[in-house]
Amino acid sequence: MDQLGFIALLIFAIVLSFAFSYQQHRAYVGQIRQLADAHDRDGVVVVSGRGKGMLRGCVAILAVDVTTRRILEARTMQGSTVLARFRRAEFLEGNLKGAAERATSRHMAEALEQATTQFRETTRTRGRAVRTRRPVAAAPEGHLA
């Protein structure tokens, strides 16, 4: 193989890698939308997390009820190639607090920890936003606010 053939092969590999990565990203966005549509009501948030490794990894997407802190639906994608797909993980559904202990791999546990952190930050931010939208009490007449 000459130098020009090697360069062409390298460019083809880069384009192929980009195409597979884009396909995987679209699958992720599609799963987020499916969960959001399936649980489209007040008090439910959709969060995600990932656990990365050298060759393998895991992405977890959770629909969590804010009031009960229960996972209503969980989907995970585990694998080492771009051909990995999301699957429903019914064993993760239940109490959010013990989700990491129910993980089947170290990467899944990392993904669940990250999703749990995102849930805490999201609900904390939501709480502040709700508090700031409350009407401010009017000052008594004759007093400056």
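Each value in this text was obtained by applying a stated rule to the coordinates, not by laboratory testing. Note that the structure is a prediction, hence the values are computed from the model and not measured. Reconstructed Cβ throughout: ideal geometry from the backbone, glycine too, with neighbour counts over all protein chains shown.
Each residue in the stretch 42-54 was checked for being of a type in the set (D, E, K, R) and surrounded by 11 or more Cβ atoms within 10 Å (Cβ to Cβ), and 2 of them qualify. Taking every residue in the stretch 79-100 that is exposed (fewer than 14 other Cβ atoms within 10 Å of the Cβ) and pairing it with any residue that is hydroxyl-bearing (Ser, Thr, Tyr) and not in a loop (DSSP other than H, G, I, E, B), at least 6 positions away or on another chain, the pairs with Cβ-Cβ distances below 7 Å are ARG87/THR76.
The single condition among (1) surrounded by 12 or more Cβ atoms within 10 Å (Cβ to Cβ); (2) under 28 Å from GLN23 (Cα atoms) that ARG70 does not satisfy is (2). Of all residues in the stretch 71-105, those that are in a loop (DSSP other than H, G, I, E, B) and β-branched (Val, Ile, Thr) total 3.
Within the bounds of the stretch 26-41, is there any residue that is surrounded by 11 or more Cβ atoms within 10 Å (Cβ to Cβ) and in a loop (DSSP other than H, G, I, E, B)? Yes: the stretch 26-41 contains one or more residues that are surrounded by 11 or more Cβ atoms within 10 Å (Cβ to Cβ) and in a loop (DSSP other than H, G, I, E, B).
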